[in-house]
Structures are given as structure tokens and as C-alpha cells.
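A short write-up of the structure that comes next.
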Amino acid sequence: MTASTPLRLIPARPEHVDAWWAMREEPASRRLMPLEPASRESLLKRLAESSSNLGDPKATSFRWMVEWEDRLIGTVSARELSRFHGRVEVGYMLHSAYHGRGLGTRAVAAVVARLFDWPFLHRVWLTTAVDNHASQGVARKLGFSLEGVMRGHYLIEGRRKDQQVWGLVRPEWEARREQLAPLLEGTLGPE
Ligand SMILES: CC(C)(COP(=O)(O)OP(=O)(O)OC[C@H]1O[C@@H](n2cnc3c(N)ncnc32)[C@H](O)[C@@H]1OP(=O)(O)O)[C@@H](O)C(=O)NCCC(=O)NCCS
């Protein structure tokens, strides 16, 4: 059922601010992500500063919304792009009603695949809390390796947590890409 229903990555726009806000406010997100307090205005500013056009030579921060069964169910970002070093960081979040159905893996796979279309890109990386097993599951499925742990790097709901750093370098992605092709079927975008 899940695999055959198209999943779309669409450009994040100001009108998506409330959907994004709502996902950030969910207990499942607050418990697992190092979300600093943010106002609706600051999220709008971040949306305005993000691009969704991978062909924009000046953009360093990108965001897409994930649409599935005509609903906005999540968001995926790529930020801190360095064209010089050939690296970018990805982030992702789904509405909790859609967790655990393989949708997060599909959405992040689609973005990572498009990021590696940049010929200069060598490395995609991400961070996650040490107890965020779903996020680690996404990273592992896409071929990322656990590279290290920063102790006590996050303050989440008043408690210190270790932060894991995961990375995927181009030769690993190229070795993995064919195996991941079925995951990308039925996934549209990002353009
Ligand atoms: C992280 C997140 C995007 C993952 O998306 P998802 O659709 O729930 O994950 P998937 O269903 O694609 O699962 C990916 C893998 O992780 C595993 N997994 C999923 N949830 C898990 C859990 N709670 N515990 C352990 N493993 C889990 C899955 O089994 C799957 O591996 P498998 O196919 O080998 O079985 C989603 O759970 C989420 O938005 N969480 C809250 C926000 C967040 O933590 N964002 C990431 C910050 S780093």
C-alpha cells in the first residue's frame, strides 16, 4: 500500500509554515530533536531564506515539504551546503501519524539522490540523538555510517544527550544507489 502511493517532495513555501510548526510542536519531535524555541515569524524567515531550486548557484539552504495522499506529512532540508568542500547536511521530520511506514526513508532517499546529482558533492551528513532509533534506521538504510559521537551536545527537554554524526560519501552512495532504486519508485521530486 505504502510503496505504491506516490510520495511527492514539493518546494517549501510560506504557506507551509503552520504545518511545519505543528510537526515541530508534536511530542514525538520535541522528545527526539534538539529543537531550539522558534516563533512562527522565525520559521517564516527560514522558509523565505531557503531555496528548493538545486540549480540556484548561490543557495546554501534548501527545504521541501513531503506530500502523501494529498496531505503534507513532513519536511526534508539540506543545509550548510559548501560547494568548496563538497558537503551538505540533511535534516528531516514527519508528522507522527506517518512514522514507521517507510515514508521517511523514501523522502530522504529522494533528496539524497538529487543532492548527489551535483557533480561537486562528495559528502552528505546528518546528526541525530543517540536514542533516535528511527532516524538512525533511515541513515542506516540509505548507507550512512556512524562516524562519531559528541557527548552531551544536545539539550532536549532539559536533559543532556549525546549527538551522533553520520556520513555518506559519494563512492558509498554510488555502490548503494542501484539497491535503493525500488525505494525511489513512486517518489516524485524534488525538482
Ligand atoms: C525520523 C523519521 C523521519 C523516520 O521516518 P519513518 O518514516 O518513521 O521511518 P521509516 O519507517 O522509514 O524507518 C526507517 C528504518 O528505521 C526503523 N525504525 C523506524 N522507527 C523505529 C523505531 N521507533 N525504533 C527502531 N527502529 C525504527 C525501521 O524499522 C526502518 O528500518 P527497516 O526498514 O530495516 O525495518 C520519523 O520517525 C520522524 O519524523 N521522527 C520525529 C522527528 C525526527 O526525529 N527527525 C529526525 C531528527 S535527526
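A few points about this structure:
- Annotation: of all residues in region 80-99 being charged (D, E, K, R) and in contact (Cβ under 8 Å) with a residue 24 or more places away in the chain, the one that is nearest to residue 43 (Cα to Cα) is 89.
- Here residue 124 meets each of (1) over 25 Å from residue 56 (Cβ atoms); (2) more than 11 Å from the ligand (Cβ to nearest atom); (3) assigned to a strand (DSSP E or B) with one exception, condition (1).
- Options 19, 109, 97; residue that is at pLDDT 95 or above, within 13 Å of the chain's Cα centre (by Cα), among the aliphatic types (A, V, I, L, M) and within 16 Å of the ligand (Cβ to nearest atom): 109
- Restricting 79, 24, 31 to those that are among the basic types (Lys, Arg) and touching a helix residue (DSSP H, G or I) at 6+ places or on another chain (Cβ under 9 Å) reduces the list to 24.
- Residues of region 130-152 that are in contact (Cβ under 8 Å) with a residue 40 or more places away in the chain and more than 7 Å from the ligand (Cβ to nearest atom): 131 alone.
- You will find that of 114, 13, 31, the residue that is in contact (Cβ under 8 Å) with a residue 12 or more places away in the chain and more than 20 Å from residue 189 (Cα to Cα) is 31 and no other.
- Residue within region 43-62 that is touching a helix residue (DSSP H, G or I) at 6+ places or on another chain (Cβ under 9 Å) and acidic (Asp, Glu) present: no
The values are calculated or read from the model by the stated rules, or taken from the named source; none is laboratory data. In this text the structure is predicted, and so the values were computed from the model without any measurement. Counting neighbours? That spans all protein chains shown, and the Cβs are built from the backbone with ideal geometry, glycine included.
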